[in-house]
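Input: a single structure, listed below in C-alpha coordinates.
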Amino acid sequence: MKLKDIADYVTEKISSDAIDLDSYITTDSLLQNKGGRDKAVNMPPQSCMLTRFKVGDVLVANIRPYLKKVWKADIDGGCNADVLVFRAKSNHSANFLYAVLLQDAFYAYAMKGAKGSKMPRGDKDQIMRYEIPMLSSTEESIGKFIVDINAKIALNREINRNLEAMARQLYDYWFVQFDFPDENGRPYKSSGGKMVWNEKLKREIPEGWKALEIGEILDKYPSTKRFDTSEYLTVGQYPIIDQGESYIVGFTNEEENILFKTPAVVFGDHSTRVKFVATPFGRGADGTQILYSNHPCISIWYLYCAVVALEIPNPGYSRHFKYLKGLPIIAPDSETAKKFSDILNPIFDKWNKIIFENIDLQTQRDELLPLLMNGQVSVTSSEVNCDLSHD
(Lines give C-alpha, C1' and ligand atoms only; values in the text may rest on other atoms or scores of the structure.)
Protein backbone atom coordinates (compact mmCIF):
# COMPACT_ATOMS: atom_id res chain seq x y z
CA MET A 1 0.00 0.00 0.00
CA LYS A 2 1.27 3.44 -0.94
CA LEU A 3 0.50 6.89 0.41
CA LYS A 4 -1.54 7.66 -2.71
CA ASP A 5 -3.86 4.76 -1.79
CA ILE A 6 -4.98 6.43 1.44
CA ALA A 7 -4.67 10.16 0.68
CA ASP A 8 -4.97 12.84 -1.99
CA TYR A 9 -3.38 16.24 -2.35
CA VAL A 10 -5.86 19.03 -1.73
CA THR A 11 -6.04 21.42 -4.69
CA GLU A 12 -9.10 23.47 -3.71
CA LYS A 13 -8.36 27.20 -3.49
CA ILE A 14 -9.43 30.06 -1.27
CA SER A 15 -8.70 33.78 -1.48
CA SER A 16 -6.35 35.23 1.14
CA ASP A 17 -9.03 37.89 1.63
CA ALA A 18 -11.40 35.21 2.96
CA ILE A 19 -9.20 34.16 5.92
CA ASP A 20 -7.47 35.86 8.84
CA LEU A 21 -3.96 35.60 10.25
CA ASP A 22 -4.89 32.84 12.67
CA SER A 23 -6.03 30.56 9.84
CA TYR A 24 -3.14 31.32 7.48
CA ILE A 25 -0.35 28.72 7.37
CA THR A 26 3.14 29.15 5.91
CA THR A 27 6.27 27.03 6.01
CA ASP A 28 7.60 29.41 8.67
CA SER A 29 4.55 29.05 10.90
CA LEU A 30 4.87 25.26 10.87
CA LEU A 31 7.30 24.24 13.62
CA GLN A 32 10.30 21.97 13.23
CA ASN A 33 10.51 18.43 14.55
CA LYS A 34 6.76 17.79 14.43
CA GLY A 35 6.05 20.71 16.75
CA GLY A 36 2.71 21.63 15.18
CA ARG A 37 2.18 25.22 14.19
CA ASP A 38 2.50 28.77 15.43
CA LYS A 39 0.58 31.84 14.36
CA ALA A 40 1.83 33.33 11.10
CA VAL A 41 3.56 36.69 11.39
CA ASN A 42 2.02 38.39 8.36
CA MET A 43 -0.67 37.84 5.76
CA PRO A 44 0.38 37.81 2.08
CA PRO A 45 1.35 41.36 1.00
CA GLN A 46 -1.36 41.33 -1.65
CA SER A 47 -4.49 39.34 -2.37
CA CYS A 48 -3.76 35.87 -3.73
CA MET A 49 -5.17 32.36 -3.97
CA LEU A 50 -4.17 29.82 -1.34
CA THR A 51 -4.67 26.10 -0.89
CA ARG A 52 -7.82 25.62 1.16
CA PHE A 53 -7.49 23.13 4.01
CA LYS A 54 -10.14 21.79 6.38
CA VAL A 55 -10.23 20.29 9.86
CA GLY A 56 -8.57 16.86 9.76
CA ASP A 57 -6.28 17.60 6.81
CA VAL A 58 -2.56 17.10 7.37
CA LEU A 59 -0.21 19.90 6.34
CA VAL A 60 3.49 19.30 5.60
CA ALA A 61 6.08 21.94 4.70
CA ASN A 62 7.64 20.93 1.38
CA ILE A 63 10.72 23.13 1.72
CA ARG A 64 13.60 21.33 3.47
CA PRO A 65 11.60 18.21 4.38
CA TYR A 66 14.30 17.19 6.88
CA LEU A 67 12.93 19.86 9.25
CA LYS A 68 9.88 17.60 9.75
CA LYS A 69 7.25 20.33 9.81
CA VAL A 70 3.82 18.70 10.04
CA TRP A 71 0.46 19.69 11.54
CA LYS A 72 -2.98 18.08 11.66
CA ALA A 73 -5.45 20.91 11.11
CA ASP A 74 -7.94 21.65 13.88
CA ILE A 75 -9.34 24.67 11.99
CA ASP A 76 -10.23 25.52 8.41
CA GLY A 77 -7.97 27.94 6.56
CA GLY A 78 -5.53 28.56 3.73
CA CYS A 79 -1.83 27.93 3.15
CA ASN A 80 0.78 28.92 0.62
CA ALA A 81 2.01 26.73 -2.19
CA ASP A 82 5.07 25.48 -0.31
CA VAL A 83 2.82 23.64 2.15
CA LEU A 84 1.40 20.32 0.98
CA VAL A 85 -2.13 19.51 2.14
CA PHE A 86 -3.03 15.82 2.44
CA ARG A 87 -6.62 14.61 2.89
CA ALA A 88 -7.51 11.05 3.81
CA LYS A 89 -9.58 9.22 1.20
CA SER A 90 -13.00 7.88 2.10
CA ASN A 91 -12.80 4.69 4.20
CA HIS A 92 -9.39 5.74 5.49
CA SER A 93 -8.57 7.39 8.81
CA ALA A 94 -7.37 11.00 9.01
CA ASN A 95 -5.63 10.14 12.29
CA PHE A 96 -3.79 7.27 10.62
CA LEU A 97 -2.75 9.55 7.74
CA TYR A 98 -1.31 11.92 10.33
CA ALA A 99 0.56 9.03 11.98
CA VAL A 100 2.03 8.03 8.61
CA LEU A 101 3.26 11.58 7.98
CA LEU A 102 4.78 11.80 11.46
CA GLN A 103 7.26 9.01 10.75
CA ASP A 104 10.95 9.86 10.52
CA ALA A 105 11.09 7.32 7.71
CA PHE A 106 8.65 9.44 5.68
CA TYR A 107 10.92 12.50 5.83
CA ALA A 108 14.00 10.42 5.02
CA TYR A 109 12.11 9.11 1.99
CA ALA A 110 10.98 12.60 0.95
CA MET A 111 14.57 13.86 1.10
CA LYS A 112 15.68 11.13 -1.31
CA GLY A 113 13.50 12.66 -3.98
CA ALA A 114 14.01 16.31 -3.00
CA LYS A 115 15.46 18.70 -5.57
CA GLY A 116 17.75 21.63 -4.84
CA SER A 117 20.70 21.93 -2.48
CA LYS A 118 20.21 25.05 -0.36
CA MET A 119 16.41 24.90 -0.17
CA PRO A 120 15.46 21.35 -1.24
CA ARG A 121 11.83 20.73 -2.13
CA GLY A 122 10.13 17.37 -2.07
CA ASP A 123 8.94 15.76 -5.30
CA LYS A 124 5.16 15.55 -5.01
CA ASP A 125 4.85 12.49 -7.24
CA GLN A 126 7.66 10.65 -5.44
CA ILE A 127 6.12 11.50 -2.05
CA MET A 128 2.86 9.83 -2.99
CA ARG A 129 4.76 6.62 -3.74
CA TYR A 130 5.81 6.29 -0.10
CA GLU A 131 5.11 2.70 0.93
CA ILE A 132 2.97 1.85 3.95
CA PRO A 133 3.29 -1.69 5.32
CA MET A 134 0.35 -3.99 5.95
CA LEU A 135 -1.03 -3.31 9.41
CA SER A 136 -1.55 -5.65 12.35
CA SER A 137 -3.80 -3.05 14.02
CA THR A 138 -6.58 -0.98 12.50
CA GLU A 139 -5.82 2.40 10.98
CA GLU A 140 -8.00 4.14 13.55
CA SER A 141 -6.43 2.43 16.56
CA ILE A 142 -2.91 3.37 15.42
CA GLY A 143 -3.98 6.89 14.51
CA LYS A 144 -5.83 7.51 17.76
CA PHE A 145 -2.93 6.20 19.83
CA ILE A 146 -0.56 8.69 18.19
CA VAL A 147 -3.08 11.55 18.34
CA ASP A 148 -3.63 10.94 22.07
CA ILE A 149 0.11 11.18 22.72
CA ASN A 150 0.26 14.40 20.70
CA ALA A 151 -2.68 15.79 22.66
CA LYS A 152 -0.73 15.22 25.87
CA ILE A 153 2.30 16.96 24.35
CA ALA A 154 0.12 19.89 23.26
CA LEU A 155 -1.41 20.14 26.74
CA ASN A 156 2.06 20.25 28.28
CA ARG A 157 3.10 23.01 25.89
CA GLU A 158 0.04 25.04 26.85
CA ILE A 159 0.84 24.61 30.56
CA ASN A 160 4.37 25.86 29.90
CA ARG A 161 3.09 28.83 27.92
CA ASN A 162 0.94 29.75 30.91
CA LEU A 163 3.81 29.30 33.37
CA GLU A 164 6.05 31.53 31.28
CA ALA A 165 3.28 34.11 30.91
CA MET A 166 2.94 34.19 34.71
CA ALA A 167 6.67 34.82 35.10
CA ARG A 168 6.64 37.60 32.50
CA GLN A 169 3.58 39.25 34.06
CA LEU A 170 5.20 39.24 37.46
CA TYR A 171 8.38 40.75 36.01
CA ASP A 172 6.37 43.49 34.31
CA TYR A 173 4.41 44.26 37.48
CA TRP A 174 7.50 44.40 39.69
CA PHE A 175 10.24 45.79 37.44
CA VAL A 176 8.45 47.79 34.74
CA GLN A 177 5.52 49.21 36.70
CA PHE A 178 7.53 49.02 39.97
CA ASP A 179 4.57 47.75 41.96
CA PHE A 180 6.50 45.04 43.79
CA PRO A 181 5.32 44.56 47.41
CA ASP A 182 6.82 47.08 49.84
CA GLU A 183 7.62 46.31 53.49
CA ASN A 184 3.88 46.42 54.26
CA GLY A 185 2.93 44.19 51.34
CA ARG A 186 1.47 47.08 49.32
CA PRO A 187 2.33 47.93 45.66
CA TYR A 188 5.45 50.08 45.95
CA LYS A 189 4.94 52.82 43.34
CA SER A 190 1.13 52.94 43.58
CA SER A 191 1.43 53.34 47.36
CA GLY A 192 3.77 56.31 47.14
CA GLY A 193 7.15 54.57 47.25
CA LYS A 194 10.03 56.96 46.63
CA MET A 195 11.17 57.16 43.01
CA VAL A 196 14.35 58.81 41.71
CA TRP A 197 15.37 59.92 38.22
CA ASN A 198 17.85 57.66 36.38
CA GLU A 199 19.72 59.35 33.56
CA LYS A 200 20.71 56.10 31.83
CA LEU A 201 17.11 54.91 31.62
CA LYS A 202 15.59 58.37 31.18
CA ARG A 203 12.94 57.50 33.73
CA GLU A 204 12.32 57.22 37.44
CA ILE A 205 13.18 54.01 39.29
CA PRO A 206 12.79 53.04 42.96
CA GLU A 207 15.24 54.65 45.36
CA GLY A 208 18.32 52.49 45.93
CA TRP A 209 18.05 50.69 42.59
CA LYS A 210 20.64 51.00 39.81
CA ALA A 211 20.81 50.80 36.04
CA LEU A 212 23.73 48.90 34.50
CA GLU A 213 24.61 47.80 30.99
CA ILE A 214 23.86 44.13 30.44
CA GLY A 215 27.48 43.57 29.47
CA GLU A 216 28.54 44.71 32.95
CA ILE A 217 26.62 41.95 34.72
CA LEU A 218 27.33 39.03 32.38
CA ASP A 219 29.58 36.30 33.71
CA LYS A 220 32.00 34.51 31.43
CA TYR A 221 31.04 31.05 30.25
CA PRO A 222 33.34 28.18 29.28
CA SER A 223 33.90 27.58 25.61
CA THR A 224 32.39 24.36 24.32
CA LYS A 225 32.22 22.47 21.08
CA ARG A 226 29.82 23.73 18.45
CA PHE A 227 28.01 20.69 17.15
CA ASP A 228 27.45 20.07 13.47
CA THR A 229 23.96 18.79 12.61
CA SER A 230 25.49 15.50 11.46
CA GLU A 231 26.64 14.93 15.06
CA TYR A 232 23.19 15.32 16.61
CA LEU A 233 21.80 12.20 18.24
CA THR A 234 18.09 11.47 18.31
CA VAL A 235 18.41 10.29 21.91
CA GLY A 236 21.21 11.10 24.33
CA GLN A 237 22.14 12.29 27.79
CA TYR A 238 22.48 16.02 27.09
CA PRO A 239 20.22 18.15 24.88
CA ILE A 240 21.66 20.47 22.24
CA ILE A 241 20.06 23.91 22.45
CA ASP A 242 19.80 25.78 19.17
CA GLN A 243 19.05 29.44 18.52
CA GLY A 244 16.24 28.60 16.11
CA GLU A 245 12.52 28.11 16.66
CA SER A 246 12.90 24.61 18.11
CA TYR A 247 13.89 24.44 21.76
CA ILE A 248 16.01 21.31 21.49
CA VAL A 249 17.41 20.10 18.16
CA GLY A 250 19.20 16.92 19.22
CA PHE A 251 21.32 15.26 21.88
CA THR A 252 24.94 14.42 22.65
CA ASN A 253 26.67 12.04 25.04
CA GLU A 254 30.00 13.93 24.94
CA GLU A 255 30.26 14.91 28.59
CA GLU A 256 33.47 16.91 28.27
CA ASN A 257 31.73 19.43 26.03
CA ILE A 258 28.84 20.14 28.38
CA LEU A 259 28.06 23.35 30.22
CA PHE A 260 27.38 22.16 33.75
CA LYS A 261 26.58 25.58 35.17
CA THR A 262 22.82 25.69 34.96
CA PRO A 263 20.33 27.22 34.79
CA ALA A 264 21.41 29.48 31.95
CA VAL A 265 19.92 31.86 29.43
CA VAL A 266 20.58 31.10 25.75
CA PHE A 267 20.47 34.05 23.36
CA GLY A 268 20.37 33.63 19.58
CA ASP A 269 22.88 36.07 18.14
CA HIS A 270 21.31 35.71 14.69
CA SER A 271 17.67 35.26 15.67
CA THR A 272 17.43 37.22 18.99
CA ARG A 273 15.41 34.33 20.45
CA VAL A 274 15.84 33.89 24.20
CA LYS A 275 15.62 30.51 25.94
CA PHE A 276 15.84 29.41 29.56
CA VAL A 277 17.72 26.14 30.17
CA ALA A 278 17.72 24.45 33.58
CA THR A 279 19.52 21.21 32.81
CA PRO A 280 23.06 20.32 31.64
CA PHE A 281 23.25 20.83 27.89
CA GLY A 282 25.56 21.01 24.90
CA ARG A 283 25.79 24.13 22.82
CA GLY A 284 23.95 24.15 19.55
CA ALA A 285 24.47 25.86 16.23
CA ASP A 286 26.87 28.70 15.60
CA GLY A 287 25.55 31.96 17.03
CA THR A 288 24.17 30.76 20.37
CA GLN A 289 25.34 32.92 23.28
CA ILE A 290 25.17 31.61 26.85
CA LEU A 291 24.28 34.26 29.44
CA TYR A 292 24.98 34.11 33.17
CA SER A 293 24.70 36.91 35.73
CA ASN A 294 27.56 37.85 38.06
CA HIS A 295 25.45 40.41 39.95
CA PRO A 296 24.03 39.37 43.35
CA CYS A 297 20.70 41.10 42.70
CA ILE A 298 20.18 39.82 39.14
CA SER A 299 19.23 36.16 39.27
CA ILE A 300 19.17 33.96 36.20
CA TRP A 301 15.35 34.05 36.26
CA TYR A 302 15.39 37.84 36.42
CA LEU A 303 17.96 38.00 33.60
CA TYR A 304 15.79 35.76 31.42
CA CYS A 305 12.65 37.86 31.96
CA ALA A 306 14.57 41.10 31.43
CA VAL A 307 16.14 40.00 28.13
CA VAL A 308 12.82 38.59 26.88
CA ALA A 309 11.15 41.94 27.65
CA LEU A 310 13.65 43.87 25.52
CA GLU A 311 12.72 44.90 22.00
CA ILE A 312 15.89 44.22 20.06
CA PRO A 313 15.95 45.74 16.56
CA ASN A 314 17.96 44.31 13.69
CA PRO A 315 21.34 46.09 13.78
CA GLY A 316 22.84 43.54 11.41
CA TYR A 317 23.54 39.84 11.09
CA SER A 318 25.70 38.50 13.95
CA ARG A 319 25.66 41.83 15.80
CA HIS A 320 22.69 41.27 18.05
CA PHE A 321 24.75 40.11 21.03
CA LYS A 322 27.03 43.16 20.84
CA TYR A 323 23.93 45.36 20.79
CA LEU A 324 22.36 43.42 23.65
CA LYS A 325 25.39 43.94 25.92
CA GLY A 326 25.03 47.71 25.57
CA LEU A 327 21.41 47.81 26.69
CA PRO A 328 20.56 48.86 30.26
CA ILE A 329 19.21 46.50 32.90
CA ILE A 330 17.80 47.47 36.28
CA ALA A 331 19.49 46.05 39.38
CA PRO A 332 16.89 45.97 42.19
CA ASP A 333 17.67 45.90 45.90
CA SER A 334 18.70 42.53 47.32
CA GLU A 335 15.50 41.93 49.28
CA THR A 336 13.23 42.44 46.26
CA ALA A 337 15.55 40.37 44.10
CA LYS A 338 15.39 37.46 46.56
CA LYS A 339 11.58 37.59 46.78
CA PHE A 340 11.34 37.52 42.99
CA SER A 341 13.71 34.55 42.70
CA ASP A 342 11.87 32.65 45.45
CA ILE A 343 8.63 32.99 43.48
CA LEU A 344 10.08 32.12 40.07
CA ASN A 345 12.23 29.20 41.16
CA PRO A 346 9.34 26.68 41.46
CA ILE A 347 7.68 28.07 38.32
CA PHE A 348 10.73 27.41 36.17
CA ASP A 349 11.39 24.10 37.92
CA LYS A 350 7.93 22.91 36.85
CA TRP A 351 8.46 24.40 33.40
CA ASN A 352 11.73 22.52 32.96
CA LYS A 353 10.22 19.19 34.09
CA ILE A 354 7.45 19.56 31.52
CA ILE A 355 10.01 20.28 28.77
CA PHE A 356 11.66 16.93 29.42
CA GLU A 357 8.39 15.08 29.94
CA ASN A 358 7.51 16.16 26.42
CA ILE A 359 10.89 15.02 25.14
CA ASP A 360 10.23 11.59 26.63
CA LEU A 361 6.75 11.49 25.10
CA GLN A 362 8.06 12.50 21.68
CA THR A 363 10.81 9.88 21.89
CA GLN A 364 8.32 7.17 22.85
CA ARG A 365 5.98 8.24 20.04
CA ASP A 366 8.73 8.19 17.42
CA GLU A 367 10.08 4.83 18.61
CA LEU A 368 6.65 3.20 18.78
CA LEU A 369 5.36 4.52 15.46
CA PRO A 370 7.51 2.37 13.13
CA LEU A 371 6.88 -0.67 15.35
CA LEU A 372 3.13 -0.08 15.05
CA MET A 373 3.44 0.34 11.31
CA ASN A 374 5.41 -2.84 10.69
CA GLY A 375 3.34 -4.95 13.06
CA GLN A 376 5.98 -5.58 15.73
CA VAL A 377 3.57 -4.13 18.30
CA SER A 378 -0.16 -3.56 18.18
CA VAL A 379 -2.68 -1.49 20.08
CA THR A 380 -6.04 -2.51 21.46
CA SER A 381 -9.01 -0.33 22.25
CA SER A 382 -8.14 -0.32 25.96
CA GLU A 383 -4.60 0.88 25.20
CA VAL A 384 -5.86 3.56 22.86
CA ASN A 385 -8.08 4.95 25.58
CA CYS A 386 -5.27 5.13 28.18
CA ASP A 387 -5.26 8.14 30.49
CA LEU A 388 -2.85 10.77 29.20
CA SER A 389 -4.09 13.55 31.46
CA HIS A 390 -1.51 15.65 33.25
CA ASP A 391 -0.52 14.50 36.72
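How big is the dipole moment of the chain about its Cα centre under a simple scheme where the beta carbon of each Lys and Arg is +1, that of each Asp and Glu is -1, and everything else is neutral? Debye, nearest 20, please.
Roughly 900 debye for the chain.
I need the trypsin sites (Lys or Arg not before Pro) found in the range 84-118, filtered to DSSP loop residues with at most 14 other beta carbons within 10 Å of theirs.
Hits after loop and neighbour filter: K89, K118.
Could you work out the pair-distance distribution P(r) of the range 1-93 from its alpha-carbon pairs, with 5 angstrom bin width and percents rounded to whole numbers?
Taking every Cα pair in the range 1-93, the percentages come to 3, 15, 25, 25, 18, 9, 3, 1, 0.
May I ask you to give the solvent-accessible area per residue for the chain, in square angstrom, as obtained with a 1.4 angstrom probe?
For the chain, the per-residue accessible area is 49 Å².
For S293, what residues show an amide H to amide H distance below 5 Å, using hydrogens built from the backbone and excluding near sequence neighbours?
D219
Output ³J(HN,Hα) for the range 209-216: one whole-Hz value per residue in order, computed from phi by the Karplus curve 6.51 cos²θ - 1.76 cosθ + 1.60 with θ = phi - 60°, and x for Gly and Pro.
Along the range 209-216, the couplings run 8, 10, 10, 10, 6, 4, x, 6 Hz.
What is the distance, in nm, between label points placed 7 Å from the Cα along the Cα-to-Cβ direction at H270 and at Q364?
About 3.5 nm separates the two model spin labels.
Let me know the longest stretch in the chain that avoids all chymotrypsin sites (Phe, Trp or Tyr not before Pro) found in a DSSP loop with at most 15 other C-beta atoms within 10 Å.
Value returned for the longest uninterrupted segment is 1-259.
Evaluate the charge dipole of the range 1-88 about its Cα centre and quote only its size in Debye, nearest 20, assuming +1 on the Cβ of each Lys and Arg and -1 on the Cβ of each Asp and Glu.
So the dipole magnitude of the range 1-88 works out to roughly 420 debye.
Where does the range 71-226 land on Rg/Rh, using Cα atoms and the Kirkwood Rh?
The Rg/Rh ratio comes out at 1.23.
Could you give the nm distance between label points at K200 and D342, where each point is 7 Å from its Cα heading toward the beta carbon?
For K200 paired with D342, the spin-label model returns 2.7 nm.
Using a probe of 1.4 angstrom, how much of the accessible area of the chain is carbon and sulfur, in percent?
Carbon and sulfur together cover 49 percent of it.
The values are calculated or read from the model by the stated rules, or taken from the named source; none is laboratory data. The model shown is predicted, which means the values in this text are computed figures rather than measured ones. Positions of Cβ are backbone-derived with ideal geometry, glycine not excepted, and every protein chain shown enters the neighbour counts. Accessible surface areas use protein heavy atoms only, side chains included; no ligands, DNA or RNA. Shrake-Rupley method; radii C 1.70, N 1.55, O 1.52, S 1.80 Å.
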